[in-house]
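Step one of this worksheet: look at the structure below.
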Amino acid sequence: TRVADKLTHGNVNGLLANWYSLPDDFRARMIYLFQAHGLEDMLFLMLYESAGQIDLVSGSGARGLFQIMPATANELCGINEKQLDSLFDPETNAACAVQVLLKKGAIENWRVAVIRYNGQLLRCNMRGYFQCLARTISGNDKKAAKAAQGSLAYFLNFLLYKEVGQAFILGYAS
(Lines give C-alpha, C1' and ligand atoms only; values in the text may rest on other atoms or scores of the structure.)
Protein backbone atom coordinates (compact mmCIF):
# COMPACT_ATOMS: atom_id res chain seq x y z
CA THR A 1 0.00 0.00 0.00
CA ARG A 2 2.96 2.37 0.43
CA VAL A 3 3.40 2.88 -3.31
CA ALA A 4 -0.08 4.25 -3.74
CA ASP A 5 -0.41 5.74 -0.28
CA LYS A 6 -1.00 9.29 -1.45
CA LEU A 7 -2.94 8.60 -4.65
CA THR A 8 -6.48 7.40 -4.15
CA HIS A 9 -9.59 7.71 -6.26
CA GLY A 10 -10.88 10.32 -3.85
CA ASN A 11 -7.93 12.67 -4.11
CA VAL A 12 -7.49 12.66 -7.91
CA ASN A 13 -10.39 15.12 -8.04
CA GLY A 14 -8.61 17.26 -5.46
CA LEU A 15 -5.37 17.20 -7.46
CA LEU A 16 -7.20 18.28 -10.59
CA ALA A 17 -9.17 20.95 -8.72
CA ASN A 18 -5.89 22.38 -7.39
CA TRP A 19 -4.35 22.31 -10.88
CA TYR A 20 -7.34 24.04 -12.46
CA SER A 21 -7.46 26.63 -9.66
CA LEU A 22 -4.11 27.93 -10.93
CA PRO A 23 -4.55 30.75 -13.47
CA ASP A 24 -4.93 29.49 -17.07
CA ASP A 25 -2.04 31.58 -18.35
CA PHE A 26 0.25 30.31 -15.59
CA ARG A 27 -0.64 26.67 -16.32
CA ALA A 28 0.19 27.23 -19.99
CA ARG A 29 3.51 28.95 -19.13
CA MET A 30 4.44 26.17 -16.72
CA ILE A 31 3.75 23.47 -19.31
CA TYR A 32 5.83 25.45 -21.84
CA LEU A 33 8.68 25.93 -19.32
CA PHE A 34 8.98 22.21 -18.69
CA GLN A 35 8.56 21.31 -22.38
CA ALA A 36 11.19 23.87 -23.42
CA HIS A 37 13.73 22.15 -21.18
CA GLY A 38 12.77 18.63 -22.29
CA LEU A 39 11.19 17.93 -18.91
CA GLU A 40 7.49 17.71 -19.80
CA ASP A 41 6.82 14.65 -17.65
CA MET A 42 8.60 16.23 -14.68
CA LEU A 43 5.86 18.87 -14.49
CA PHE A 44 3.77 16.33 -12.63
CA LEU A 45 6.27 16.09 -9.82
CA MET A 46 4.32 18.96 -8.31
CA LEU A 47 1.19 16.81 -8.13
CA TYR A 48 3.07 14.34 -5.97
CA GLU A 49 5.08 16.87 -3.99
CA SER A 50 2.30 19.33 -3.07
CA ALA A 51 -0.92 18.10 -4.70
CA GLY A 52 -0.79 21.39 -6.62
CA GLN A 53 -0.92 23.59 -3.49
CA ILE A 54 1.15 26.74 -3.97
CA ASP A 55 1.35 27.65 -0.28
CA LEU A 56 2.26 24.26 1.17
CA VAL A 57 5.14 24.02 3.66
CA SER A 58 6.28 20.52 4.62
CA GLY A 59 7.33 19.47 8.09
CA SER A 60 10.95 19.67 6.93
CA GLY A 61 10.49 23.19 5.52
CA ALA A 62 10.09 22.47 1.79
CA ARG A 63 7.98 25.14 0.11
CA GLY A 64 5.51 25.64 -2.70
CA LEU A 65 4.30 23.61 -5.66
CA PHE A 66 7.48 21.60 -6.10
CA GLN A 67 8.36 21.50 -2.37
CA ILE A 68 11.78 23.06 -2.65
CA MET A 69 13.97 23.03 0.44
CA PRO A 70 15.51 26.37 1.46
CA ALA A 71 19.09 25.03 1.17
CA THR A 72 18.37 23.68 -2.33
CA ALA A 73 16.78 26.98 -3.36
CA ASN A 74 19.87 28.82 -2.19
CA GLU A 75 22.45 26.44 -3.62
CA LEU A 76 20.86 25.64 -7.00
CA CYS A 77 18.53 28.59 -7.68
CA GLY A 78 20.23 31.52 -5.97
CA ILE A 79 17.29 32.16 -3.64
CA ASN A 80 18.69 33.33 -0.31
CA GLU A 81 17.09 33.13 3.13
CA LYS A 82 15.50 36.59 2.82
CA GLN A 83 13.89 35.58 -0.49
CA LEU A 84 12.38 32.26 0.66
CA ASP A 85 8.83 33.57 0.42
CA SER A 86 9.39 33.85 -3.34
CA LEU A 87 9.07 30.03 -3.39
CA PHE A 88 5.34 30.55 -2.81
CA ASP A 89 5.18 32.28 -6.19
CA PRO A 90 4.32 29.37 -8.52
CA GLU A 91 6.43 30.70 -11.40
CA THR A 92 9.52 31.14 -9.22
CA ASN A 93 8.96 27.72 -7.68
CA ALA A 94 8.51 26.03 -11.07
CA ALA A 95 11.59 27.77 -12.53
CA CYS A 96 13.65 26.66 -9.54
CA ALA A 97 12.33 23.10 -9.87
CA VAL A 98 13.48 23.05 -13.50
CA GLN A 99 16.96 24.18 -12.44
CA VAL A 100 17.10 21.55 -9.70
CA LEU A 101 16.00 18.79 -12.07
CA LEU A 102 18.54 19.84 -14.70
CA LYS A 103 21.31 19.92 -12.11
CA LYS A 104 20.22 16.52 -10.77
CA GLY A 105 20.73 15.06 -14.27
CA ALA A 106 17.18 14.94 -15.66
CA ILE A 107 18.33 15.14 -19.27
CA GLU A 108 20.82 12.31 -18.81
CA ASN A 109 18.47 10.04 -16.81
CA TRP A 110 15.09 11.42 -15.73
CA ARG A 111 14.35 8.37 -13.57
CA VAL A 112 17.41 8.91 -11.40
CA ALA A 113 16.83 12.68 -11.35
CA VAL A 114 13.38 12.11 -9.84
CA ILE A 115 14.93 10.21 -6.94
CA ARG A 116 17.77 12.70 -6.58
CA TYR A 117 15.21 15.53 -6.57
CA ASN A 118 14.00 14.00 -3.33
CA GLY A 119 17.58 14.04 -2.01
CA GLN A 120 17.92 10.27 -1.75
CA LEU A 121 20.91 7.99 -2.35
CA LEU A 122 23.21 10.51 -3.93
CA ARG A 123 26.13 8.10 -3.40
CA CYS A 124 24.94 5.86 -6.25
CA ASN A 125 26.34 6.85 -9.65
CA MET A 126 23.95 7.91 -12.39
CA ARG A 127 25.03 4.95 -14.52
CA GLY A 128 23.89 1.75 -12.82
CA TYR A 129 21.78 3.67 -10.29
CA PHE A 130 18.98 1.15 -10.02
CA GLN A 131 21.42 -1.73 -9.65
CA CYS A 132 23.05 0.20 -6.80
CA LEU A 133 19.59 0.78 -5.33
CA ALA A 134 18.83 -2.97 -5.48
CA ARG A 135 22.18 -3.86 -3.89
CA THR A 136 21.55 -1.34 -1.13
CA ILE A 137 18.07 -2.70 -0.43
CA SER A 138 19.41 -6.25 -0.14
CA GLY A 139 22.54 -5.23 1.79
CA ASN A 140 23.34 -5.49 5.49
CA ASP A 141 23.07 -1.77 6.29
CA LYS A 142 19.46 -1.49 7.52
CA LYS A 143 19.46 2.31 7.55
CA ALA A 144 20.72 2.49 3.95
CA ALA A 145 18.27 -0.26 2.92
CA LYS A 146 15.37 1.72 4.40
CA ALA A 147 16.49 4.87 2.55
CA ALA A 148 16.76 2.89 -0.70
CA GLN A 149 13.27 1.46 -0.20
CA GLY A 150 11.99 4.98 0.39
CA SER A 151 13.69 6.12 -2.81
CA LEU A 152 12.07 3.34 -4.79
CA ALA A 153 8.65 4.10 -3.29
CA TYR A 154 9.11 7.81 -4.11
CA PHE A 155 9.91 6.95 -7.72
CA LEU A 156 6.96 4.57 -8.08
CA ASN A 157 4.60 7.16 -6.57
CA PHE A 158 5.91 9.75 -9.03
CA LEU A 159 5.12 7.37 -11.92
CA LEU A 160 1.50 7.15 -10.75
CA TYR A 161 1.17 10.92 -10.50
CA LYS A 162 2.84 11.37 -13.89
CA GLU A 163 0.21 9.10 -15.43
CA VAL A 164 -2.58 11.14 -13.79
CA GLY A 165 -1.03 14.35 -15.16
CA GLN A 166 -0.57 12.99 -18.63
CA ALA A 167 -4.07 11.55 -18.83
CA PHE A 168 -6.11 14.30 -17.16
CA ILE A 169 -4.06 17.43 -17.81
CA LEU A 170 -2.22 16.87 -21.10
CA GLY A 171 -4.86 14.48 -22.43
CA TYR A 172 -2.70 11.47 -23.19
CA ALA A 173 -1.22 8.50 -21.37
CA SER A 174 2.15 6.86 -21.96
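The values are calculated or read from the model by the stated rules, or taken from the named source; none is laboratory data. Small disclaimer: the values here were computed from a predicted structure and weren't measured. Counting neighbours? That spans all protein chains shown, and the Cβs are built from the backbone with ideal geometry, glycine included. Ligands, DNA and RNA are excluded from the accessible area calculation, which covers all protein heavy atoms including side chains. Shrake-Rupley method; radii C 1.70, N 1.55, O 1.52, S 1.80 Å.
General observations
- With pairing defined as another cysteine C-beta under 4.7 Å, none of the cysteines of the chain fails it.
- Helical runs (DSSP H, four residues minimum) scored at -39500 (n - 2.57) apiece and divided by the length of the chain put the mean residue ellipticity at 222 nm at -17000 deg cm²/dmol.
- Ranked order, Cys77, Cys124 - accessible area, probe 1.4 Å, largest first: Cys77, Cys124
- Efficiency of FRET from Cβ geometry, Ser138 and Val57, R₀ 35 Å, rounded to 0.05: 0.45
- Nonlocal Lys pairs with alpha-carbon distance under 28 Å, the chain (8 or more apart, or different chains): 16
- Portion, in percent, of the accessible area of the chain that falls on carbon or sulfur, probe 1.4 Å: 53 percent
- Within segment 100-131, the trypsin sites (Lys or Arg not before Pro) that combine a DSSP coil assignment with at most 11 other C-beta atoms in a 10 angstrom radius are Arg123, Arg127.
- Stretched out straight at 0.36 nm per residue, the stretch from Ala145 to Ser21 would grow longer than its current Cα-Cα span by 40.7 nm.
- Ligands, DNA and RNA are left out, and with a 1.4 angstrom probe the accessible area of the chain is 52 Å² per residue.
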